[in-house]
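See below for the structure under consideration.
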Amino acid sequence: MNARRWRLLIALIVVVVAGSWFAADAQNRQAGSASAASKAMPRKGIPTFSNENIARMGFFYAGGKYAGPPGKEVMTGAMYTEVWVPKQIRSPYPIVLFHGAGQTGTNWRQTPDDRAGWAYSLINRGYVVYMVDYPARGRSVYAPGIDGSLTIRTAPQLEEIWTNVKEKSNYFWKDNHTQWPGTGKMGDPIFDNFAKGQVQYLGGGENRSTELNHDAGVALLDLIGTPVILFTHSMGGNIGFTVADARPNLVKAIVTAEPGGGIERLNLTYDPPAKAADIKTYKEEKGERPGENGCVLQQEPVRKLVNLQPMRILDISGNGGYHRIGDACPPKWLNQAGVKTDFVRLEDVGIHGNGHEMFYEKNSDVIIKFVEDWIEKNVK
């Protein structure tokens, strides 16, 4: 064999050996990568969810200003806000989620028994979603000495009002409460997980909390700059009403789950003009159904809520908790004042057993589907 053929044979052997080496190396790398991925993946018990329908996500702060003496100014009143954008936007109206007292925007992301929360359902239906932590709450700054005093619910209080009402409460509707996952008691892993997400908050009533939440909510709508659907719960209900009244051109509709009572005490825009304290009212002798209170309503002539009148409103109430006793009253006040409001007792549409924290409960997917279907039918 001549030298040229020897050189070709050696070159061929080199190519074959190198190819085998590279193939083996690639296989080793793949095996190593698979092993690393297997080791790095969150273990069972650490919940994760697919983001396949989310195109973009981020966060920002709405509102806020400096307060305090010269040379010691601090930022206060800013509201942490997350935004999720779906891959396919199907609605021109973003949904802005306002949570209840002692809670944060995490309400909408995940349940205590580690199921995907309502935010994922809204994204899957094509809505841009905004979720907030109120000022002085959660991921929003709290300024000691300026923002007021903090409080927090105890675990026994959580059991009584939300999770174990059958045993711990005397509410009229307590025996209907069947949808809380787990026992609802301290020591149950689901309850313990729930309790870890219940945070400190500014005390209720007419105090700095009302001012901060309202101002930040208005600033958020101004930043978004296009009409939205407000989706509120509990304490967030009255925040939503005052924010919508302040920015009527930026709110298309309101969905509210068991909003806080006292809408008659809010200084909304009436025609003829009046402050809440100047409106003459009366109280019904009894509610429409057993276990429901009579409501405070306007005496004639009735003033109209002119800024809210163009909006459609859905108000939903579960039949298993303490809140039902007064849930018929905000929609009655609104309808009397000319605001078309659908009040839906969930059992009337075949959804039973829910307490105040319905977005955490076992049938939460059924509830959010009902809400989404209502929006698509009524908010054009």
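The values are calculated or read from the model by the stated rules, or taken from the named source; none is laboratory data. Being a predicted model, the structure only gives us computed values, none of them experimental. Cβ atoms come from the backbone with ideal geometry, glycine included; neighbour counts cover every protein chain shown.
Name the single residue, out of those in the stretch 152-185 being in contact with a Phe, Trp or Tyr (Cβ under 9 Å, 6 or more places away or on another chain), assigned to a helix (DSSP H, G or I) and touching a residue at least 40 places away in the same chain (Cβ under 8 Å), that is farthest from G321 (Cα to Cα).
A155
Could you look through the stretch 60-82, keep only residues that are part of a strand (DSSP E or B) and free of Cβ contacts under 8 Å to residues at least 40 places away in the same chain, and pick out the one that is farthest from Y120 (Cα to Cα)?
Y66
If I ask for residues that are farther than 22 Å from A119 by Cβ and small (G, A, S), which ones from the stretch 318-361 would you list?
Passing the criteria: G320, G321, G326, A328, A337, G338, G350, G353.
I'm trying to understand the selection: among the residues of the stretch 342-355, which are within 18 Å of I254 (Cα to Cα) and crowded, with 21+ Cβ neighbours inside 10 Å?
Of everything in the stretch 342-355, just one residue is within 18 Å of I254 (Cα to Cα) and crowded, with 21+ Cβ neighbours inside 10 Å, namely L346.
What residue, among those in the stretch 228-271 that are touching a Ser or Thr at 6+ places or on another chain (Cβ under 9 Å) and among the acidic types (D, E), is surrounded by the most Cβ atoms within 10 Å (Cβ to Cβ)?
E258
Within the stretch 253-273, work out how many residues are closer than 15 Å to M311 by Cβ and in a strand (DSSP E or B).
Residues in the stretch 253-273 being closer than 15 Å to M311 by Cβ and in a strand (DSSP E or B): 4 in total.
Condition check: of a type in the set (D, E, K, R) and part of a loop (DSSP other than H, G, I, E, B). Does E288 satisfy that?
So E288 passes the test.
Take the conditions buried (at least 22 other Cβ atoms within 10 Å of the Cβ), modelled with pLDDT under 95, farther than 26 Å from G68 by Cβ and of a type in the set (A, V, I, L, M, F, W, C) and apply them to V129. Does it pass?
Here the answer is no, as V129 does not meet what is asked.
Would you mention how many residues in the stretch 302-352 are outside any helix (DSSP H, G or I) and not aromatic (F, W, Y)?
33
Hey, could you check the stretch 176-227 for residues that are among the charged types (D, E, K, R) and at pLDDT 95 or above and say which is surrounded by the fewest Cβ atoms within 10 Å (Cβ to Cβ)?
K196
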